[in-house]
Amino acid sequence: QVQLVESGGGLVQAGGSLRLSCVASRSIFSANDMGWYRQTPGKQRESVAAIARSGGTNYADSVKGRFTISRDYPTNTLYLQMNSLIPEDTAVYYCHGSWLGYDYWGQGTQVTVSS
């Protein structure tokens, strides 16, 4: 079992920045892949950014150039740096990780961008 704990969400004005953190209870070095998803009421959860074990990254078109995913092995932490935020980025953001074929999710952190 792996626990993922997110933090860093909050209320920010459009144009502002936030950095989300996700601390894993297991070594992220051994994760197959990790990423960030977001969900708004009535919509499916969507992938925002992902990072593979190789270090390769992938971003949703809507956040390219504004969001950056990164990781820190010593602290088992996954980050999402979000810049130039827009109201459409408002959502609950979830951390995801995959170990040995099993998927794990954090509890989510709310990000609200005011116009």
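The values are calculated or read from the model by the stated rules, or taken from the named source; none is laboratory data. These numbers come from a predicted model, not from an experiment. Positions of Cβ are generated from backbone atoms using ideal geometry, with glycine treated the same way; all protein chains shown enter the neighbour counts. With ligands, DNA and RNA removed, areas are computed over all heavy atoms of the protein, side chains included. Shrake-Rupley method; radii C 1.70, N 1.55, O 1.52, S 1.80 Å.
Summary of values
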item: The stretch 3-24 residues that are of a type in the set (Asp, Glu), paired with ones that are assigned to a strand (DSSP E or B) (beta carbon under 8 Å, 6 or more apart); result: Glu6/Leu20; Glu6/Ser21; Glu6/Cys22; Glu6/Tyr93; Glu6/Tyr94; Glu6/Cys95; Glu6/Thr109
item: In the stretch 39-76, residue surrounded by the fewest Cβ atoms within 10 Å (Cβ to Cβ) [restricted to those that are under 22 Å from Leu11 (Cα atoms) and in contact with a helix residue (DSSP H, G or I) (Cβ under 8 Å, 6 or more places away or on another chain)]; result: Ser62
item: Filtered residues of the stretch 1-44 (kept if within 14 Å of Tyr94 (Cβ to Cβ), under 10 Å from the mean Cα position of the chain (by Cα) and of a type in the set (Lys, Arg)); result: Arg38
item: Residues within the stretch 87-111 that are surrounded by 14 or more Cβ atoms within 10 Å (Cβ to Cβ) and more than 18 Å from Ile28 (Cα to Cα), tallied; result: 8
item: Matching residues, the stretch 25-34, being open to solvent by 30 Å² or more (accessible area, probe 1.4 Å) and either touching a His at 6+ places or on another chain (Cβ under 9 Å) or without any contact (Cβ under 8 Å) to a residue 24 or more places away in the chain (or both); result: Asp33
item: Search result, residues across the stretch 1-11 that are closer than 25 Å to Ser62 by Cβ and either open to solvent by 20 Å² or more (accessible area, probe 1.4 Å) or in a loop (DSSP other than H, G, I, E, B) (or both); result: Ser7, Gly8, Gly9, Gly10, Leu11
item: Scope the stretch 50-86; condition of a type in the set (Lys, Arg) and under 13 Å from Ile28 (Cβ atoms); matching residues; result: Arg53, Arg71
